[in-house]
1. List the residue pairs whose Cβ atoms are under 9 Å apart, where the first residue sits in the range 75-98 and is over 20 Å from D48 (Cβ atoms) and surrounded by fewer than 14 Cβ atoms within 10 Å (Cβ to Cβ), the second is modelled with pLDDT of 95 or more and of a type outside the set (V, I, T), and the two are 6 or more positions apart or on different chains.
2. Out of the residues in the range 104-121 that are in a loop (DSSP other than H, G, I, E, B) and not charged (D, E, K, R), which is surrounded by the most Cβ atoms within 10 Å (Cβ to Cβ)?
3. Please go through the range 64-74 and give me each residue that is surrounded by 13 or more Cβ atoms within 10 Å (Cβ to Cβ) and over 19 Å from A111 (Cβ atoms), ordered by number.
4. Only residues that are of a type in the set (A, V, I, L, M, F, W, C) and over 13 Å from the mean Cα position of the chain (by Cα): list them for the range 11-30, please.
5. With the requirement that a residue be under 16 Å from G21 (Cα atoms) and among the β-branched types (V, I, T), what does the range 82-104 give you?
6. Which one of the conditions (1) surrounded by 13 or more Cβ atoms within 10 Å (Cβ to Cβ); (2) part of a loop (DSSP other than H, G, I, E, B) does A124 fail to meet, given that it meets all the rest?
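The values are calculated or read from the model by the stated rules, or taken from the named source; none is laboratory data. None of these values were measured; they are calculated from a predicted model. Ideal geometry is used to build each Cβ from the backbone, glycine not excepted, and the neighbour counts take in all protein chains shown.
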Amino acid sequence: MKLQADRIDGTNAISRHGPEGVIVNGVEHTTSVVVPWKGQVLAWPVSDFAALSAEHFAMVAGLKPELVIFGSGRRIRFPSAALLRPLIDQHIGIETMDTAAACRTYNVLLAEDRPVVVALLFEAAAASPV
């Protein structure tokens, strides 16, 4: 789904999203990704929800946002508090949504000039039965 046509100056706007990935500032990302409001878009080295660890969220916390939006994939799934401890310890807000809602919410907060990060989980497609 196309979200917006133009980049907001100096920020990382998501212009399209779908089950296979997102386009940020004209660049397609088809694996899990961390999109900060400003700065470099980062690969997020997690390929499935069950593999999430506190270290994955510590990477996000290191960007020092006010709020993190976690896009958990096609459906909403909540990580445990133990996984979110790096964010909680730094008093960083966290919201969990499905990836489509996370992309939309991120762009709204970005337009409000908020220091927000979206961490998007894109899981590898399951192999189809033969």
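1. Correct list of pairs: D89/A61; Q90/A61; Q90/K64; G93/P65; G93/E66; G93/L67; G93/L87.
2. Only one residue tops the list, namely L121.
3. Narrowing the range 64-74 to residues surrounded by 13 or more Cβ atoms within 10 Å (Cβ to Cβ): 65-74.
Listed by number, the residues that qualify are F70, S72, G73, R74.
4. If we filter the range 11-30 for residues that are of a type in the set (A, V, I, L, M, F, W, C), which is where we start, we get 13-14, 22-24, 27.
Residue satisfying the conditions is V27 alone.
5. Of the range 82-104, the ones under 16 Å from G21 (Cα atoms) are 97-104.
The answer is T99, and nothing else.
6. Tallying (1) surrounded by 13 or more Cβ atoms within 10 Å (Cβ to Cβ); (2) part of a loop (DSSP other than H, G, I, E, B), A124 fails exactly one: (1).
Residue-wise test of (1) within 22 Å of A111 (Cβ to Cβ); (2) of a type outside the set (V, I, T); (3) touching a Cys at 6+ places or on another chain (Cβ under 6 Å).
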{"site": "E20", "(1), (2), (3)": "no, yes, no"}
{"site": "H29", "(1), (2), (3)": "yes, yes, no"}
{"site": "V34", "(1), (2), (3)": "yes, no, no"}
{"site": "K38", "(1), (2), (3)": "yes, yes, no"}
{"site": "L42", "(1), (2), (3)": "yes, yes, no"}
{"site": "S47", "(1), (2), (3)": "no, yes, no"}
{"site": "A58", "(1), (2), (3)": "no, yes, no"}
